[in-house]
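A short write-up of the structure that comes next.
Read-outs: derived from the displayed coordinates by stated rules, not from any lab. Worth saying up front: this structure is predicted, and the values here are computed from it rather than measured. As a convention, Cβ positions derive from the backbone with ideal geometry for all residues, glycine included, and neighbour counts pool all protein chains shown.
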């Protein structure tokens, strides 16, 4: 805790009267891109099992959080202790099996209690169960979160295969729009429906769609770079290379990986 206090004092000094001009000018909104970036960098370190990077990125994220708390304090919005007290109260209330006399034996029982508490809070505040899902996160992640919340009240497919029928239906609707003069707005809507349906299948299979897509992007990137390296080794420019040759190298990159 002493080290956190030390970091807090650094934040205060940076934003103090004799502090950094850039730091002193920041607001909650101007810092938002940096906050989102740090969260994604933490996620990347975890996915890559890079513990050294994880240590550094968690530090960066903690610094941003303290930065936010200092802005709120100076603007008279809330105090740092309010943040800590609010989350402490929430965690105690949502873990009665640890801090009270409830007896949950499995993770599923814990999650059920957690969702019940959140649903009760939403009812008391007359809020939708779909509220408070950030709009500026990845659309794949947002789609998955929305589907999960709808699922809590039984609005869901029973099996992945049932959800996959919806995927095939959406593909058919897109195919019907692929005319000489396609309706771009209609196609935009149908493509969104298809992606949403694929996320549903992914969720029901307990496969994270964001991670799945990231893996595919990484795979595509690796194979495309193989094409570039191969062409450079042959003193050829990728800009002048016909598609059939690039396709041949693409297949070659798959064989090398396998």
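The set of residues in the stretch 11-22 that are part of a helix (DSSP H, G or I) and either more than 16 Å from residue 64 (Cβ to Cβ) or without any contact (Cβ under 8 Å) to a residue 12 or more places away in the chain (or both) comprises 13, 14, 21, 22.
Number of residues in the stretch 151-164 that are loosely packed, with under 14 Cβ neighbours inside 10 Å and either under 18 Å from residue 193 (Cα atoms) or touching a strand residue (DSSP E or B) at 6+ places or on another chain (Cβ under 9 Å) (or both) equals 3. Of all the residues in the stretch 242-258, those that are free of Cβ contacts under 8 Å to residues at least 12 places away in the same chain and either touching a helix residue (DSSP H, G or I) at 6+ places or on another chain (Cβ under 7 Å) or closer than 22 Å to residue 48 by Cβ (or both) number 0.
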